[in-house]
Each structure stands twice: as C-alpha cells, then as structure tokens.
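Read-outs throughout are calculated quantities, based only on the coordinates presented, and are distinct from any laboratory measurement. Keep in mind it's a predicted model, so treat the numbers as computed, not measured. Here the Cβ positions follow ideal geometry from the backbone for every residue, glycine too, while neighbour counts run over all protein chains shown.
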Amino acid sequence: MILRDRDMRNRAITVMVIILIFLGAYIRMNTRFDRLSRYPYQDKQARKLIDEYLDDDAVNYIIEYAIEPSYFIDLIEAPGFNIYHVEYYRELMRDVNYLTKYDIVAFAEETLKYENGQDIALNLLSAYSTNEVLFWLRNGDPYYPNAELSRTPDFLNIVLNEKTTIANRIPMGLVDASTIGFDEGIQIRTDMQNDLTHMCDALADRYGGFCGGMNIEKAYVSYTDLEEEYRAGESSIPPGHNEHQTGLAIDVSFNDIGADAERKIAWLLQNVEEYGFIRRVYNNEPYIHLRYCTKAFIDQVKKG
Ligand SMILES: [Zn+2]
C-alpha cells in the first residue's frame, strides 16, 4: 500500500511536469506569435524569417512603418544585415550589378563604419568599383594626405598631380599592345589604339620597319607595382598619382643608337601632339614618357 501511494504521487508529479512544459511552450509560442500579430503581411516563410532574424525593436519598426517583406526579406539572412539600412542596400543594388546581395550588405556595413561613408560610397560608385571605394575609405592617400580623389579617373584628359589621386583605380578598357603589333605583355588603353597606330604608320613610312623601330618599354602599371617602384626609388611619382596607372602613358625607346636614334626622337617629339600625345618628363625614367590625351584636348588647351 505504501508503495502504491508513492507510485501514484510520482505519476501525479510526472503529469504536472508535462502539463507545465506544455503550458510553457504554449505561452512562449503565443508571445512569439504576438510579436507579429499586428504585421499585416501573411507570407508564412517571410514571417518565420522575420521572427528568427529581427529583434523586438526591428519588428516594431517594420510594423510601425508597414514595411513589406518583399522590401528586405531577400537580404535578411545576410551576415550583418540591419533593417534600418535597407534603403541604402537597395540604392547600392541599383548602382552595383557585379556583387551578390550578401556582398552588398557586407559592403554597405563596412562603409558605414567611416564618417560620411554612405555619401562617399554613393558618390564614388559611378566611377570606382566597390573594392576601390573601400580602399579609399580605409587608406585615404598615404602619399599626399590632402589630395582629392578624382571623380573621373578614366577620363582621357585627367591630370594627376599632388592634389589629385585615383587611389588604386584599375582603368576600364585596357588592352594588350600586341593587338596593334607591339610585343606581348604590355597593356595600354584602347582609347589610344588608333592614334598610336597612325603615329607608328608615320614613323614606319619615314624610317621603315614596324613603327620605325619604336618600342613600348612600359605602359599601364598597377597601383601595387607602382608602390614597389616608388619604394625602390625607381619612380619619383607615387601610386595613385602616376600616369602609368591610367594606362594612358607609354614609355618609348628606339632600337637604334647614336645619330639615327636622335633623328627619330627629334621627329617624334616634334610630331607627337598631332597624334594626341604630349611629352612629360617623369624623373628617374630612362625612356621618353608620352601621355595620351587626344588631339582635341591638346588643341583646346592651346587655344586657352
Ligand atoms: Zn613613364
């Protein structure tokens, strides 16, 4: 009898515990459900994700402003997602088509760590890639801290100096110079292909051989390589400020030596502007540095 009493008591306790567990779960379900009870959009999958990813403040926010799931639900699982930044994400998605949605969120969140980061990013993205924007936000200009970032880094008439930088920009439209007959492995801007070809034809007419014996020693150089050159003292102009980074500068030489070379160089320097090039002197550079900027621009500058 004593045993049976204890048995019954244990059973009663077990039942009570089970009831309590169910009750707890029921209350919990109800409180969770309550969070979205005033949210008018019934998409079950969306509500589940909202419940999982948004805290109470965020839930209240989407209810208060009646923000539709379709506005943010595709981004909600992205690491770092913040409901208050969705408008910015959407703006970026309109401007940038080469990043995944999740990368857009990561990019946005990183830019927001910097003062005016959002404005700077939205301003620059018409001319720079997201990587280049982040580079600028993180580093600024390590060489001339007061320099401004050009808004038109790929323009043919861009002027780079101590006041203007293109940060680590990689220009659009680089092509191997072998496409117009030079040795492989040197990249130039497609914009100069025609004029450079015409200049080579003129040199060939006059002196024979391909391009009259003129070689391109150097053209486009990346930010990283320019950084190395600058550190090694091989270049006097730092990355970001160096025309070689635009792909619009070529360093040329001639096969010949002595008087033959001098004659060719003299002709070249007298005629480069006809083909849209100007000569600039870059210290420490052993070759002739020519910068392409179009004949039209040279004429315009000459007119004043
Ligand atoms: Zn050069």
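Annotations for the structure displayed:
- Modelled this way, with points 7 Å down the Cα-to-C-beta line, the labels at ASN283 and GLU228 are 2.4 nm from one another.
- Shape metrics for region 213-304, restricted to C-alpha atoms - Rg then Dmax, Å: 14.2, 40
- FRET efficiency, GLU273 to ASP103 (Cβ-Cβ, R0 45 Å, nearest 0.05): 0.50
- Kirkwood hydrodynamic radius (C-alpha pairs) into Stokes-Einstein, region 167-220, 10 °C and 1.306 mPa s, D in µm²/s: 135 µm²/s
- Stretching ASN194 away from LYS44 to a fully extended chain increases their span by 48.0 nm, per 0.36 nm per residue minus the current alpha-carbon distance.
- Each eigenvalue of the Cα gyration tensor of region 158-262, multiplied by 5 and square-rooted, gives one semi-axis; in descending order these are 27, 16, 11 Å.
- The residues packed around ASN146, meaning those with a beta-carbon under 12 Å from its beta-carbon, carry a net charge of -2 if Lys and Arg are +1 and Asp and Glu are -1.
- Candidate membrane-span-like segments in the chain, meaning DSSP H helices with Cα atoms spread over at least 27 Å of their own axis and a Kyte-Doolittle mean of -1.0 or above, are 2-35, with no membrane implied.
- Rg(Cα)/(2.2 N^0.38 Å) for region 74-139, N = residue count: 1.00
- Mean residue ellipticity (222 nm) of the chain, computed from DSSP H runs ≥ 4 via -39,500 (n - 2.57), nearest 500: -14500 deg cm²/dmol
- Distant-in-sequence amide H partners of THR164 (H built 1.01 Å from N, under 5 Å): GLU148
- Distance between region 198-273 and region 62-101 - C-alpha centres, whole angstrom: 49 Å
- Debye equation applied to the C-alpha atoms of the chain, log10 I(q)/I(0) at 0.14, 0.15 Å⁻¹: -1.05, -1.13
- Of TYR89, ASN284, ILE62, farthest towards positive along the dipole that unit charges on Lys, Arg, Asp, Glu beta carbons give the chain: ILE62
- q = 0.26 Å⁻¹, region 36-106: log10 I(q)/I(0) [Debye, one scatterer per Cα]: -1.23
- Projecting the Cα atoms of GLY213, LEU196, TYR275 onto the charge dipole of region 174-303, computed from C-beta unit charges around the Cα centre, puts TYR275 farthest toward the positive end.
- Projected label distance in nm at ASN146 and PHE210, using a 7 Å step from Cα toward the beta-carbon: 4.8 nm
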